[in-house]
Amino acid sequence: MVNSGSINQLHFLLIPFLAPGHIIPMIDMAKFLAQRPNVTVTIVTTPLNALRYGSTLQEQIKSGLPVCFLELLFPAIENGLPEGCESADALPGLHLLPNFAAAVDMLQQRLEQHFDSLEPPPSCIISDKYMLWAGDTAAKYEIPLIIFDGMSCFKQLCTHHLYASKGFDDLTETEPFVLPGLPDRIEITRAQLPPEFNHRHVATSEKLEQVRETESKFYVRIRENESRAYGMVINCFEELEQDYVNKFKKLKRGKVWCLGPLSLSTSNDSGKSLRGNSASSDDQLYLKWLDSKEPGSVVYACFGSSSQITPPQLIELGLALEASKSPFIWVIRAGDKAQEVEKWLSENGFENRIKDRGLIIRDWAPQLQILSHPSVGGFLTHCGWNSVLEGVSAGVPMITWPQFAKQFLNEKLVVHVLGIGVGVGAPGVVHWGEEDRFGVTVKSEQVKTAIEKVMDSGSEGIERRKKAKALGMVAKKVIKEGGSSHHNLTLLIQDLLELANVRSQKPLI
Ligand code: UDP
């Protein structure tokens, strides 16, 4: 006996990791998926995350977009976390990272309790690379697993070849070497490599040692999961990094789909303002402030949702913004060091001195809205991948100041491959939890020089701006019908339907 009747519907289960830089793009992906005929999407997350990020989707869900949230209670207290701590950016300290990881692991069982009642039955899991149990769940229910890594094919190729190559192990921290296996010649130092390649890095306390152990186990499990996944979806577009896409696809036997820029699934003002947080009445104020500035004149400085920059380093940045003479928006997220930073801003008279030219936003800014405003002419970024791609999509050149993780690789792409950015000269990864030990690694003069180069009206500045604008135009086209990312989503859906049909034809007995 064989199954009969062909399958023409897909139900995607999206499992994002619990941190803004991971949930936001997956919510964006849910919109693109659910706009396709015969596709439904369930986003698996926790109640507070559904509340925080769901608002961007509510209007569309009301008008029929087939997306829903499956809310799993987060075992915070059971794992020694404060109540309500459901996101990595809400952790009161890095020492609780192992507890957070344990709580995230417990979500597997909670999801599986709901599995049989999901309607229609899930046909595919798209899981963040950090949701390490998703591979087991997919295997148990015999559905394909697709990994969402959240970064570019450039980064995928870099890490693939770094794992394969040991050629840099004997080098000093600051000796440049050429990144192996890439179509372009790009130099990097050991100090700039992502933590999994910094074997010599030693944690400075017992607590940190535990954190590093959790991280190392993470990397091993991520690679195991990736090797058994059916494929990978990438938040990028082919035209941005065609050579890298081709090479990475070859490595993955074609099962790679570039669907980005995912942020462009949000096109209206209210969606942009709500993205990642509740809209605040101040958003209108920011826009009015931007309206009062010359086109292309403003520098927007923001370090994402999870960078922990020390007050002395933040002060260097503030002084550079002041000295550069361009109008600026500076998003300050100082966490538990906020008091110290506020003291400097007020007592030292900084806020008063820059009040006609600078706007300070505390904690969270409507980044998409700001970047797409015509007055913004430069983006000073920590090179988190979402921010980089949002800058590309807005057609804005970048001042790059990577901090940790894969951000130095992202900087290399922006500055050396795409030619749309200038680096501040950050020497190396500032390891999470050890920011104070690293102190000030970038001086205000370096930042000022990079800002001035990007905002410059000379030929280099003009060329950089032209390139950025051209890429921004391509980015806006690729997600529309006829564009590469739109087409790739069609191919992904076709591939999964074919797979589902082949599997359903398997003899039942
Ligand atoms: N973001 C925002 N406002 C902020 C800070 C961050 O809207 O004040 C958004 C930003 O647009 C991006 C995400 O949060 O979509 C941050 O992701 P990214 O990969 O850039 O950095 P991470 O926070 O993961 O380090």
Go through the range 94-107 and give me each residue that's buried (at least 18 other Cβ atoms within 10 Å of the Cβ) and over 18 Å from W432 (Cβ atoms). A103, L107
Return a yes/no flag: does the range 31-40 have any residue that is within 16 Å of the ligand (Cβ to nearest atom) and either at pLDDT 95 or above or surrounded by fewer than 20 Cβ atoms within 10 Å (Cβ to Cβ) (or both). yes
Return the pair list, or none, for Cβ contacts closer than 9 Å from residues in the range 20-34 that are within 16 Å of S485 (Cβ to Cβ) to residues that are near the ligand (Cβ under 10 Å from one of its atoms) and of a type in the set (G, A, S), at least 6 apart or on different chains. P25/G150; P25/S263; M26/G150; D28/S263
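Listed here are the residues, each with its yes/no results for (1) away from the ligand (no atom under 15 Å from the Cβ); (2) in contact with a Gly (Cβ under 8 Å, 6 or more places away or on another chain); (3) more than 16 Å from G391 (Cβ to Cβ).
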{"position": "N235", "(1), (2), (3)": "no, yes, no"}
{"position": "E238", "(1), (2), (3)": "yes, no, yes"}
{"position": "R253", "(1), (2), (3)": "yes, no, yes"}
{"position": "G260", "(1), (2), (3)": "no, no, no"}
{"position": "S263", "(1), (2), (3)": "no, no, no"}
{"position": "T266", "(1), (2), (3)": "no, no, no"}
{"position": "K272", "(1), (2), (3)": "no, no, no"}
Within the range 290-320, considering residues that are away from the ligand (no atom under 16 Å from the Cβ) and among the hydrophobic types (A, V, I, L, M, F, W, C), the one surrounded by the most Cβ atoms within 10 Å (Cβ to Cβ): A320
Show the residue pairs meeting these rules: Cβ distance below 7 Å; 6+ apart or different chains; first residue within the range 113-134 and β-branched (V, I, T); second residue assigned to a loop (DSSP other than H, G, I, E, B). I125/I143
V256 fails exactly one of (1) out of contact with any Cys (no Cβ under 9 Å at 6 or more places or on another chain); (2) assigned by TED's automatic domain parsing to the domain that holds L132, namely (1)
Would you list the helices (runs of 4 or more DSSP H) that sit entirely within the range 406-498 and hold 1 or more residues that are modelled with pLDDT under 95 and of a type outside the set (D, E)? 435-438
Would you be able to say whether some residue in the range 71-91 is within 24 Å of N501 (Cβ to Cβ), surrounded by fewer than 21 Cβ atoms within 10 Å (Cβ to Cβ) and in contact with a strand residue (DSSP E or B) (Cβ under 9 Å, 6 or more places away or on another chain)? no
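The values are calculated or read from the model by the stated rules, or taken from the named source; none is laboratory data. Note that the structure is a prediction, hence the values are computed from the model and not measured. Positions of Cβ are backbone-derived with ideal geometry, glycine not excepted, and every protein chain shown enters the neighbour counts.
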